[in-house]
1. For residues in region 357-396 being in a loop (DSSP other than H, G, I, E, B) and in contact (Cβ under 8 Å) with a residue 12 or more places away in the chain, which is surrounded by the most Cβ atoms within 10 Å (Cβ to Cβ)?
2. Between TYR548, TYR559, which is farther than 19 Å from GLY221 by Cα and either modelled with pLDDT of 85 or more or touching a Pro at 6+ places or on another chain (Cβ under 8 Å) (or both)?
3. Does any residue of region 425-434 turn out to be within 29 Å of the chain's Cα centre (by Cα) and within 28 Å of VAL350 (Cα to Cα)?
4. Do the conditions hold for SER653, that is, is it of a type in the set (Ser, Thr, Tyr), assigned by TED's automatic domain parsing to the domain that holds ALA596 and within 26 Å of SER245 (Cβ to Cβ)?
5. Within region 619-641, which residues are closer than 14 Å to LYS593 by Cα, surrounded by fewer than 20 Cβ atoms within 10 Å (Cβ to Cβ) and either touching a strand residue (DSSP E or B) at 6+ places or on another chain (Cβ under 7 Å) or free of Cβ contacts under 8 Å to residues at least 12 places away in the same chain (or both)?
6. Are there any helices (runs of 4 or more DSSP H) wholly within region 111-227 with 1 or more residues that are at pLDDT 80 or above and either in contact with an Asp or Glu (Cβ under 6 Å, 6 or more places away or on another chain) or more than 30 Å from SER342 (Cα to Cα) (or both), and if so which?
7. Restricting the search to region 253-287, which residues are crowded, with 18+ Cβ neighbours inside 10 Å and closer than 25 Å to ASN739 by Cα?
Amino acid sequence: MKLYILFILCILTSASQAQFVLSGKISLEGQSESAFGASVYIDQLKIGTTADTLGNYRISDIPSGTYTIRVSYISMPTITEKNVSVKQDLVKNFVMKSGANALDEVVISGTMKEVSKLDSPVPVDIITAKFLYKNPVPSIFEGLSYVNGVRPQLNCNVCNTGDIHMNGLEGPYTMVLIDGMPMVSGLSTVYGLSGIPNSLIERVELVKGPASTLYGSEAVGGLINIITKNPSKAPVFSADAFSTSWLDYNLDLGMKLTAGKNVSSLIGVNYFNYQNPLDRNGDGFTDLTLQKRISIFNKWSFNLKNNKQANIAARYYYEDRWGGQMNWNKSFRGGDEVYGESIYTSRFEVLGNYQLPTEEKITLQYSFSSHHQNSVYGNVPFLADQKIAFAQLLWDKEIGKHNLLIGTPFRYTFYNDNTPATRYLDGNDHADKIYLPGFFVQDEIRSGPHSLLLGARYDFNSRHGSIFTPRAAYKFKFNQTDVVRLNVGRGFRIVNLFTEDHAALTGSRQVIVKEALNPEQSWNANINFVKKIVTGSSFIGFDASVFYTHFTNRILPDYDTDPNQIIYDNLDGYAVSKGVSLNLDFNFPFPLKIIAGGTLMDNFQKENGVRFRPVLTERFTGVWSVNYEIQKAGISLDYTGNMYGPMRLPVLSEEDPRARVSPIWSLQNIQATKKFDNGLEIYGGVKNLLNFTPPANSIARSNDPFDKNVRFDDNGQVVATPENPYRLTFDPSYVYAPNQGRRVFLGMRYTLR
């Protein structure tokens, strides 16, 4: 009897210690390809594996029990199956399906068509709204500070306006789109990047390199496409408000309206207010420009017959900003007693698209913007009015292996100001009216893992004549996780001097335009390699690019020939922008995510046999974002930062005491967020942890902004005096970093689904 009981116990013990195998195949819905690299993970055991090239997976040595199994794959929503009983060897197959969570991996900016990021022959970077929340900012301009290869550049120490540099190229080389429409250009290149409600942004897509074939002559260095939320999928209500210890206040509101089963609308409001003049560096000038800004955005979406759609959106933007000496008020506006830069901006936009009720896939896109600016820089007024109308028909046609896109764009620009740009020999202003009709065709040919995109665009500029911009892109897809791309294209851009370069309007330097400025022209090539590595429940993303741009004509401000002048001239030589960029994305088995990137650049211009680096062009940039979630407590921690390498700075004379090269500098932030089940989030933290600010003497002769005590010789050169031993004039263009130091912030975000 004892032997029998012992025998039974041995059997039971053996059964309890039995090890089983979980295996199966993971496939992609509607595709012949397998889900190579998909991750299968057992929560309770903290073990997992990845699918092989055929989509097969196998996990051995699983004790008998009931488990939760998670299956994840790049660009697909995660499959979670609970209460899976493993009491014997089990074969379980999974089918990965696309869904809402896959939206972040769908891009349109590279080819004007919705494709997955991996399938796009043009490399596209995606910035999600969630990423922007890691470091809350009052405008998308500041939100791009932590994107690799992208640097928001302040152009003036006084009014704090700026533009977006991409891979070392200045702001005018980057086209900014809203829902694919060219809305930010000309006057709004400097002033139009604020006031887009962050709560309405679905994602931001960035294309580095020329996109002139699809988007026109301004997309030389790349483009930034701000894509707003679809009203039918947006939250019912959203609110986001925060303030900092500098007493600046930002409010974003969003609300969805439903006017029927086929009509939905989205309303957004952004309000920013800062009225607390501070002079922490003691130069007598405001460290941060005082601002009052409001932006109202309304978007309507219509579901039409036969699955056709239409959208229309409108935005109104008004801003009143000023910076200057601490005792400035509006009674001094335009005078020469107390220096201030005061800018009133009023802007209205309409944009939309309409899919025609035809069997063919034909879409009408259109936009209109009206931008009025009333500004003074000390005692120099700048009054400008710009209106841009744009429309194009797009025909999307698939013929066998050929995916054709044909477009007929037309753009009309009206521009007038009170500068020599529009002043004729009769002494009167004559508005510029430019007509720009065009035609482009793009053909994407796919054959197995190969994809070849060929494109060409012809525009006729009523001022400069014919413009031709070809483009070619090749992609080889090794598998679902590894892709290599090669892109080559031509860039072409018409310079609008006073609307794009703030330095031409501020300070005491004289503006010299030596001759009629011809269009800028360039060729660009870049190679991009993407690799996704899935190990167990971990994920590593690797994205590397090498880029090269060669300018046959480039127009940059010359600060060096004469320290009292800014000289503009056509390039007698060539210019080059080249470099290498690397992005890394880590997702660990535990709730830690790290995104890091760096770009090493070499930008130079060679003219008359002399090679030199343009001012305010960094050697390298680095960015990072670290996120850790305490899931049970609903708390997430974010640490974001950037780092910029040395830049050559514009000095005024050999004796100028200011450094000729900027130091390596960094802006770093930390944030904690508490999420509640009812949709409420409370967040707070510290911005600029290292309290970095540029030198206190960045504004030259801030004590004499109208140069009343500066002596000049007969040749217009500054004479050294006991009061001015360094031969300086007032100049606020020596700026490479914001003057805001360390500050605490606190905010609240609420979303009602």
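1. The selected residue is GLY378.
2. Exactly one residue qualifies, and that residue is TYR559.
3. yes
4. No: the conditions fail for SER653.
5. Residues satisfying the conditions are TRP624, VAL626, TYR628, GLU629, LEU637, TYR639.
6. Ranges flagged: 129-132.
7. If the condition is that a residue be crowded, with 18+ Cβ neighbours inside 10 Å and closer than 25 Å to ASN739 by Cα, then ASN270, TYR271, PHE272, TYR274, PRO277, ASN281, ASP283, PHE285, THR286, ASP287 are the ones that fit.
Residues checked against (1) aromatic (Phe, Trp, Tyr); (2) at pLDDT below 90:
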| site | (1), (2) |
| --- | --- |
| LYS305 | no, yes |
| SER370 | no, no |
| GLU398 | no, yes |
| ILE406 | no, no |
| PHE410 | yes, no |
| TYR415 | yes, yes |
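The values are calculated or read from the model by the stated rules, or taken from the named source; none is laboratory data. All of these numbers come straight from a predicted model, not from anything done at the bench. Glycine also receives a Cβ, built like all others from the backbone with ideal geometry; neighbour counts cover every protein chain displayed.
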